[in-house]
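A.B. asks: So that we are looking at the same thing, I have put the structure below in structure tokens.
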Amino acid sequence: MTSTPGKHSPSHTFDENTPLQLDCGAVLSPFTVAYETYGVLNEDKNNAILVCHALTGDQYCASDHPITGKPGWWSRIIGSGKLIDTDRYFVIATNTLGSCLGTTGPKDINPETGKPWGVTFPVITIADMVRAQKHFIDHLGIKQLFSVIGGSMGGMQALEWMASYPECLFSAIPIATAARHTAQNIAFHEVGRQAIMADPNWCEGRYLEEETFPKKGLSVARMAAHITYVSEDSLTKKFDRGLQNRDEVTFGFDADFQVESYLRHQGASFVDRFDANSYLYITRAMDYLDLPKRGNGRLANVFKGAKHVRCCLFSFTTDWLYPTAENKRIVHALNAAGARVSFAEIESPYGHDAFLLEEPEMDRLLDGFISAAADERGI
Amino acid sequence: MVTPDKLRPDLALIAEQINEGERLLDVGCGNGELLHWLTHNKKVDGRGIELGQSGVNVCVAKGLFVIQGDAEKDLSDYPDNSFDVVVLSKTLQATHRPREVLHALLRVGKRAIVSIPNFGYWRVRYKLLATGKMPVTRSLHSTWYDTSNIHFCTILDLAELIEAEGLQIREFIPNNSLGEPLDCSLKRANWRANQALFVIENKS
């Protein structure tokens, strides 16, 4: 079956009157935000939900991907009559800063040199990504989001919203996430980055000018990362030691095992839709996240302004990337800050990726929380 | 005072002890019946802790704020005096360290409402005496190997512990199996009451 690629997103470019101040000190101006929206913004402009995507996700949360043609990564959840009902809510999804699907990132042209930024693009943070989203929300004339929701890096952005712009939130739903990257998180990202940079086609980050692409490196980075998104159990269940189209091992380095073949496929299909330098920049941004440090060692301090925000967090039992303990750390900090927070650890065999999959308990929790919050908000 | 007529009788007894607008933590809040009622009828700023996923889901769907966790592990993460009142209903006897839990309740809350099934109730005593086996009654319905109640106590036992720990009983409400209050002293309640509710505070 061939799939038809979806349409590319519309975008908005912020001119020199709205510069983007970055944490590293640099200023990005002009900058562009590509976005998808679903549903209608009501007259009171109080029914908007910002959906934040994960590391390699994009704004196509409920529409077909323009390159792969695959349905949006959360099309199961977002849509008319669905859990996040676009007949009731106005859903906004922006491509994150530093990414590669329309929002300004390292593959774009640096207006000062006329060449692609590559690794001369300023190093960005999660706070910078959220600052760009805030500019976009302002541009839409929305004073307060009904909710901000996201899993993984999307959850980090939701936390960042709570820390930086709590007054702009009525509720927040950070899922399977963390308020800081652990040494292990950073270690896995470093493996990915080194794989990209070790690829001779990376060309010190100038591969676009050299008209090549570090496919191998990016693909290996994706393979390593993919292992962290699934549980040992789910890999065993899916593949165990099953062999790929053969009865015996070949005493060679071909993909004898199904799991090898699967990972190679994950890597190979990823390079068609993602930019290698974007991968470097976004993983770096996640590594730099350390909200407790910003609260002088006490995470609760960064949520001082978020007392009024209704929060719902959840983690998954087999997620070892952002395990329950990391999510609970956030819950405890929110409690200490006096915020109204609900939390559950959801039983799932699928590891970190569970938030993208069908999990009835997650759906029930989300549905209950969002409906109750919407009733409270009167929308 | 609002009469909590729609609540389960044992919960209604608890609800009577709670004032308008108080900050409340319900530890082991189940399906959130008490929390929900108090939020709507007494405008409490309520939070809950519940062990079971299904209970948490039901609570969240009601618009309540509930964390999946347990009385022993998760109380330690709340700051001192976060709440006016903390409720622990029929759970103390199921904890590993009831004494530490009592102190934790009164660290995070100004007062604690603790209810227990009374192992000194005459029916329980009679069962043990007559059969020589661990009592199984209507309110203590699990067998010894199956029960989550690992630290059974009588009304006098708990009263003694409260005293020994330097805490004080502000209210004591013994009640029958229907949750109807009985008017009697600690000693008489110890054999007459099926269960009892204590409102406990730190000695000032």
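A.B. asks: Which one of A:ASN327, A:ASN277 is touching a helix residue (DSSP H, G or I) at 6+ places or on another chain (Cβ under 9 Å), in a helix (DSSP H, G or I), not hydrophobic (A, V, I, L, M, F, W, C) and not assigned by TED's automatic domain parsing to the domain that holds A:VAL119?
C.D. replies: Sole residue among the options that is touching a helix residue (DSSP H, G or I) at 6+ places or on another chain (Cβ under 9 Å), in a helix (DSSP H, G or I), not hydrophobic (A, V, I, L, M, F, W, C) and not assigned by TED's automatic domain parsing to the domain that holds A:VAL119: A:ASN277.
A.B. asks: Then there's this: Which of the following residues is at negative phi and surrounded by 21 or more Cβ atoms within 10 Å (Cβ to Cβ): A:ASN17, A:ASN47?
C.D. replies: The conditions single out A:ASN47.
A.B. asks: Do we have any residue at all in segment B:167-178 that's surrounded by fewer than 18 Cβ atoms within 10 Å (Cβ to Cβ), over 17 Å from the mean Cα position of the chain (by Cα) and hydrophobic (A, V, I, L, M, F, W, C)?
C.D. replies: No, segment B:167-178 contains no residue that is surrounded by fewer than 18 Cβ atoms within 10 Å (Cβ to Cβ), over 17 Å from the mean Cα position of the chain (by Cα) and hydrophobic (A, V, I, L, M, F, W, C).
A.B. asks: Hey, can you tell me all the residues within segment B:97-125 that are part of a helix (DSSP H, G or I) and without any contact (Cβ under 8 Å) to a residue 60 or more places away in the chain?
C.D. replies: B:GLU100, B:VAL101, B:ALA104, B:ARG107, B:VAL124
Okay, residues lined up against (1) part of a helix (DSSP H, G or I); (2) under 17 Å from the mean Cα position of the chain (by Cα); (3) not assigned by TED's automatic domain parsing to the domain that holds A:HIS352:
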site: A:ILE137; (1), (2), (3): yes, no, no
site: A:GLY141; (1), (2), (3): no, no, no
site: A:GLN157; (1), (2), (3): yes, yes, no
site: A:SER171; (1), (2), (3): no, no, no
site: A:ILE196; (1), (2), (3): yes, no, yes
site: A:TRP202; (1), (2), (3): yes, no, yes
site: A:TYR207; (1), (2), (3): no, no, yes
site: A:GLY217; (1), (2), (3): yes, no, yes
site: A:VAL220; (1), (2), (3): yes, no, yes
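A.B. asks: Identify the residue in segment B:34-61 that is surrounded by fewer than 24 Cβ atoms within 10 Å (Cβ to Cβ) and of a type in the set (D, E, K, R) and, among all such residues, is farthest from A:VAL341 (Cα to Cα).
C.D. replies: This residue is B:LYS42.
A.B. asks: If you don't mind, another one. Would you confirm whether or not segment A:64-86 contains a residue that is in contact with a Ser or Thr (Cβ under 9 Å, 6 or more places away or on another chain), within 25 Å of A:TRP117 (Cβ to Cβ) and of a type in the set (Gly, Ala, Ser)?
C.D. replies: Checked against the condition, which is being in contact with a Ser or Thr (Cβ under 9 Å, 6 or more places away or on another chain), within 25 Å of A:TRP117 (Cβ to Cβ) and of a type in the set (Gly, Ala, Ser), segment A:64-86 yields no hits at all.
A.B. asks: Between residues in segment A:173-194 that are closer than 22 Å to A:ALA163 by Cα and residues that are of a type outside the set (Asp, Glu) and surrounded by fewer than 19 Cβ atoms within 10 Å (Cβ to Cβ), which pairs lie under 6 Å by C-beta distance while being six or more apart or on different chains?
C.D. replies: A:ARG180/A:PRO292
A.B. asks: Looking at A:GLY118, A:GLY155 in this structure, which one is farther than 28 Å from A:GLU376 by Cβ and either in contact with a Phe, Trp or Tyr (Cβ under 7 Å, 6 or more places away or on another chain) or not β-branched (Val, Ile, Thr) (or both)?
C.D. replies: A:GLY118
A.B. asks: Exactly one condition in (1) away from every other protein chain (no Cβ under 14 Å); (2) closer than 28 Å to B:ILE155 by Cβ is false for B:ARG107; which is it?
C.D. replies: Unmet for B:ARG107, out of (1) away from every other protein chain (no Cβ under 14 Å); (2) closer than 28 Å to B:ILE155 by Cβ: (1).
A.B. asks: In segment A:332-379, which residues are small (Gly, Ala, Ser), at the interface with chain B (Cβ under 7 Å from one of its Cβ atoms) and not in a helix (DSSP H, G or I)?
C.D. replies: Scanning segment A:332-379 gives A:SER342, A:ALA344.
Matching residues to (1) under 24 Å from A:THR177 (Cβ atoms); (2) in contact with a strand residue (DSSP E or B) (Cβ under 7 Å, 6 or more places away or on another chain):
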| position | (1), (2) |
| --- | --- |
| A:ASP15 | no, no |
| A:GLY25 | no, no |
| A:VAL40 | no, yes |
| A:ALA54 | yes, yes |
| A:TYR60 | yes, yes |
| A:TRP73 | yes, no |
| A:ILE78 | yes, yes |
| A:LYS82 | yes, no |
| A:SER99 | yes, no |
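Listed here are the residues, each with its yes/no results for (1) touching a helix residue (DSSP H, G or I) at 6+ places or on another chain (Cβ under 7 Å); (2) buried (at least 24 other Cβ atoms within 10 Å of the Cβ).
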residue	(1), (2)
A:GLN59	no, yes
A:ASP87	no, no
A:PHE90	no, no
A:THR94	yes, yes
A:SER99	yes, yes
A:GLY102	no, no
A:ILE126	yes, yes
A:ALA172	yes, yes
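A.B. asks: Quick one: which helices (runs of 4 or more DSSP H) sit completely within segment B:9-87 and have at least 3 residues that are away from chain A (no Cβ under 13 Å)?
C.D. replies: Answer list for segment B:9-87: B:9-15, B:33-41.
A.B. asks: For A:LEU55, indicate whether it is surrounded by 20 or more Cβ atoms within 10 Å (Cβ to Cβ), at pLDDT 95 or above and not in a loop (DSSP other than H, G, I, E, B).
C.D. replies: no
A.B. asks: If you don't mind, there's one more thing I want to ask. Would you be able to say whether some residue in segment B:157-171 is part of a helix (DSSP H, G or I) and under 20 Å from B:ASP26 (Cβ atoms)?
C.D. replies: yes
A.B. asks: Hey, A:SER315 hits all of (1) assigned by TED's automatic domain parsing to the domain that holds A:ILE173; (2) part of a helix (DSSP H, G or I); (3) buried (at least 18 other Cβ atoms within 10 Å of the Cβ) but one; which does it fall short on?
C.D. replies: Going through the list (1) assigned by TED's automatic domain parsing to the domain that holds A:ILE173; (2) part of a helix (DSSP H, G or I); (3) buried (at least 18 other Cβ atoms within 10 Å of the Cβ), A:SER315 breaks only (2).
The values are calculated or read from the model by the stated rules, or taken from the named source; none is laboratory data. Being a predicted model, the structure only gives us computed values, none of them experimental. Cβ coordinates were reconstructed from backbone atoms using ideal geometry, including for glycine residues, and neighbour counts include every protein chain displayed.
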